1. With charges only on Cβ, +1 for K and R and -1 for D and E, what is the dipole size of the protein assembly as shown about its Cα centre, in debye, rounded to 20?
2. What does the C-alpha gyration tensor say about the overall shape of region A:47-189? Classify as rounded when a/c is under 1.5, otherwise prolate if a/b is larger than b/c, or oblate.
3. Starting at the first residue of region A:86-100, write each ³J(HN,Hα) from the Karplus equation 6.51 cos²θ - 1.76 cosθ + 1.60 with θ = phi - 60°, in whole Hz, x for Gly and Pro.
4. Which value, in nm² and rounded to one decimal, describes the direction-averaged projected area of the C-alpha convex hull of chain A?
5. Sorted by average packing, counted as other Cβ atoms within 10 angstrom per residue and highest first, what order do B:230-239, B:124-133, A:235-244, B:211-220 take?
6. Kirkwood hydrodynamic radius of region B:234-291 from all distinct Cα pairs, in Å?
7. Return one number: the angle in degrees, 0 to 90 and rounded to the nearest 10, between the long axis of the Cα atoms of helix A:125-134 and the longest principal axis of the Cα atoms of chain A.
8. Counting C-alpha atoms alone, how compact is region A:109-250: give Rg to one decimal and Dmax as a whole number, in angstrom.
Amino acid sequence: MTGRVLMSAQGLQIRFGGVVAADNVNIDIHEGNNLAIIGPNGAGKTTFLNICTGYLKPHAGRVVFDGKDVTRKSPRQITRLGVARAFQIPQLFTEHTALENLLIAAAARDRSWKPFTALGAIPEREEMMHLLDMVKCTSVADRPVSELPEGQRKLVDIALALALKPKLLFMDEPTSGVASSEKFEVLDIVAKALAEAQVTAVFVEHDIGIVERFADEVAVWNRGEILFRGEPGEILSHPDVIRDVIGEEV
Amino acid sequence: MALRKIIPVLLVALVAALPLLAPFTQVMLTLALAKGLAVLGIIVLLHAGQVSFGHALFFAVAAYTAAFVGKSFAGGELVAMMVAGTLVAAVTGLFVGLFVVRYRHIFFGMLNLAFSMIFFSFLEKFYHITGGSDGLQVLRPSVLGIEMERTGFEMLLFYGSLVICLAAGWATWAFLRSPIGNMMQTIKTNEIRLEYLGVSARATLLAGYVVSAALCGLGGVLMAVAQGIVTPEYAWWIRSGEFVFIAILGGANSVAGAFVGSLVYEIVRTYAAAFAADVWQMVLGVFLLAIILFASDGLVGMYNALMDRLGGKGGMRTDDAREAAE
């Protein structure tokens, strides 16, 4: 790994009753290195994202981002440090249009409250239109997000995170709910946008084709542990990964 | 489109002319405008999806502040009373808001109610300070140092209130369209995402809460000066309910609805009480029931629907309707 360590999870442990969702998880996330997290359902992948973004507090261990301990910080504080998140189910402002969603994010980023300036007239408008262009959503800029198909809602959700100009972006199943025929197209758009914005991404994904195509590194999760970690070609051809995660006969 | 804009202007002109054409309506209209300001405060919170059943607290706090200013300074000065009342209401809003913005929906509404009832009890029990259930008299204040006769003062109060309502209405409309106003709206639709944008939902709601309290306070001062007396009834829960009632009647998503609702409510209340003294509450109740069942966007929503029909539109998108309502 060539990039500097952007985020480091050290000895993370968390359990929900009898279910161990993180059992001594240690992992470094390197700048410029897109990491895919794979594993069966219930392996602890989303829990890891929830801990790293402040939604859950681990029972033991710590998370360091950019040299700062963020283990006990709230999602809001972690976001302000440069960590953004896109959700499995797009988390959008349903009474607003796609552009308005991004303008709200831009105003949040720049702490631009401006009580007597209309949202649509803030200086970040052009920048947000460019971002919508990057995710191929310019045509739906003025449509309420509640009317958009799932694929576009996913893209707007990711654009919303990118509007914050984060250093690190967590994406939880960015192609779930998207038609199989559109998955690669959606991820191509996202990958291009991430590269242009120079954002390091960590994404949870079940589709191995997507992982092969977009990840620089893969971490295999099961029962709250990282079983394997390495380059996609090496990891995805490992017999145990093929049997336990991909679900094919070796 | 022109008609849609001309009619509101004509309505404002009609309200402005009414006291000249029918002087007996002047006090009623002043009271309606004062309540309209308080309802505007409710509308600000409804924008964030929260309903307060205790905003009479700020109405009363400001009204009593005005009364104390009047008592302390030989009748008082109208501008000083308005500034002091509004400021005290805003500061009270800040302190109460620190508690209530931690809660949502029914808990938010009931906690507001609890605070207002605590203040109501204070007003009732601390007789030596507040005058108890008799309240405090509010003497006619001077205006920028000029002592005025009753008739002239009441006319000035009405037109002053009208100007204040127009200014406050515009400022609130601009606030709700601004970045922070839109962030307040997202508390209703996706508070978690707002936090994941690095914004404190509580701080955002608190900002709106203080604005809302200040508007209520301004309305309370105007009401106190217009009536010449303040009583604990200003903080009574029925008063808070009245504000919410008027907000729904006028149109919960609309700044204009606060004043339209308030004017209609005050007119219906006054004349229903005069001509059907025993059943006027029933008249209002049936009126509200009809609004909720058949026109959930209130009177302003009905007006927009009518304009759409006249303009040949089959229907409006929600955001268009909202913009038109504003």
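Laboratory data are not the source of any read-out in this text; all were calculated from the coordinates shown. Note that this is a predicted model, so its numbers are computed, not measured. No Cβ is skipped: glycine too gets one built from the backbone with ideal geometry, and neighbour counts run over all protein chains shown.
1. That gives a dipole near 1440 debye.
2. Oblate shape, in that a/c is at least 1.5 and b/c is the bigger or equal ratio.
3. Karplus-based 3J(HN,Hα) across region A:86-100 equals 10, 9, 4, 9, x, 9, 10, 8, 6, 8, 10, 7, 4, 5, 4 Hz.
4. Approximately 13.9 nm², given one-decimal rounding.
5. My ranking of the peptides, most packed first, is B:211-220, B:230-239, A:235-244, B:124-133.
6. Result for region B:234-291, one decimal place: 11.6 Å.
7. The answer is roughly 40 degrees.
8. In Å, with Rg to one decimal and Dmax whole: 18.0, 64.
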